[in-house]
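All remarks here apply to the structure that follows.
The values are calculated or read from the model by the stated rules, or taken from the named source; none is laboratory data. Keep in mind the model is a prediction, meaning the values are calculated, not measured. When we count neighbours, we look across all protein chains shown, and the Cβ atoms used for this are built from the backbone with ideal geometry, even at glycine. Heads up: the accessible areas ignore ligands, DNA and RNA and are worked out on the full protein's heavy atoms, side chains in. Shrake-Rupley method; radii C 1.70, N 1.55, O 1.52, S 1.80 Å.
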Amino acid sequence: MLFALPWFDVVGLASGLLCVWLLIRQNVWTFPIGLVYACVSLVIFMRARLYADFAEHLYYVAMNAYGWYYWLRGTDAVGEGKSVPVSRMGWRAGLALAILGGLTTVVVGWLLDTRTDADLAYWDTSTTVASFIAMWMTARKYLENWYVWFAVDVVKTVIYVVKGIDLYAVLYAIYLVMAVMGWWSWRQSLNQPSSA
């Protein structure tokens with residue numbers, strides 16, 4: 001089968017790395033590249049029976065479209081999304097998202113564990129739910145998105161090693177480093193005035 005060839009995984013790896021590198025730089029092109037990554041990943045995760053990851057990447061398709069629109073509403077001519085400023089999320093919103101994420105993980109994890117042939121149902125669900133939250137935070141340019149991504153990257157690296165999805169394990173290990181870089185870069189621009 002065409003999609004079972006390793007090159008397809010390489011396309012996912014390359015587009016995923018480019019997408020995050022552009023995100024760190026606050027470049028609006030992160031979103032169309034993210035769409036490529038999400039579409040490739042749909043095939044990979046269906047093959048691996050990681051259904052929560054599959055659902056996550058369906059969500060990424062929609063959120064990349066949303067982020068692309070949101071950042072384009074205020075970008076300059078070279079495509080830098082810096083006129084949408086980096087900001088902090090309030091603690092109340094963060095607590096609400098954490099509670100919602102925890103409850104959703106328990107319910108969806110149970111459903112996948114008892115109603116499907118999903119592997120690692122609760123772990124897979126926890127990273128998917130956290131990724132849903134982090135992607136929304138990313139599109140809104142909340143600095144705290146990087147904390148959530150870091151936690152997701154740690155767990156996903158382990159899941160992909162266990163499942164034998166080696167290139168994605170490498171990708172998420174690299175994402176760990178990139179999450180720190182992203183946090184640092186966005187933190188530097190947090191108090192800078194946005195370019196209009």
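Summary of computed values
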quantity	calculated
Extreme residue, surrounded by the most Cβ atoms within 10 Å (Cβ to Cβ), among residues of the stretch 150-194 that are of a type in the set (Ser, Thr, Tyr) and free of Cβ contacts under 8 Å to residues at least 24 places away in the same chain	Tyr172
The stretch 43-55: number of residues that are within 15 Å of Phe132 (Cα to Cα) and free of Cβ contacts under 8 Å to residues at least 60 places away in the same chain	1
Meets criteria (within 17 Å of the chain's Cα centre (by Cα), in a helix (DSSP H, G or I) and under 18 Å from Tyr142 (Cα atoms)) for Ala14	no
Condition broken by Tyr37, with the remaining ones in (1) among the hydroxyl-bearing types (Ser, Thr, Tyr); (2) modelled with pLDDT under 90; (3) part of a helix (DSSP H, G or I) satisfied	(2)
Which listed residue is farther than 30 Å from Val86 by Cβ and either open to solvent by 50 Å² or more (accessible area, probe 1.4 Å) or at pLDDT 85 or above (or both), from Val10, Val20	Val10
Subset of the stretch 95-122 (residues that are open to solvent by 70 Å² or more (accessible area, probe 1.4 Å) and either out of contact with any Lys or Arg (no Cβ under 7 Å at 6 or more places or on another chain) or on the phi > 0 side of the Ramachandran plot (or both))	Leu95, Ile99, Leu100, Leu103, Val106, Val107, Trp110, Leu111, Asp113, Arg115, Tyr122
Sole residue being of a type in the set (Gly, Ala, Ser) and modelled with pLDDT under 90, chosen from Ala98, Ala139	Ala139
Search result, residues across the stretch 26-50 that are within 16 Å of the chain's Cα centre (by Cα) and open to solvent by 50 Å² or more (accessible area, probe 1.4 Å)	Trp29, Val36, Cys39
Number of the condition not met by Thr125 [criteria: (1) without any contact (Cβ under 8 Å) to a residue 60 or more places away in the chain; (2) buried (at least 21 other Cβ atoms within 10 Å of the Cβ)]	(1)
Among (1) closer than 21 Å to Gly182 by Cβ; (2) at pLDDT 85 or above - the single one Gly79 does not satisfy	(2)
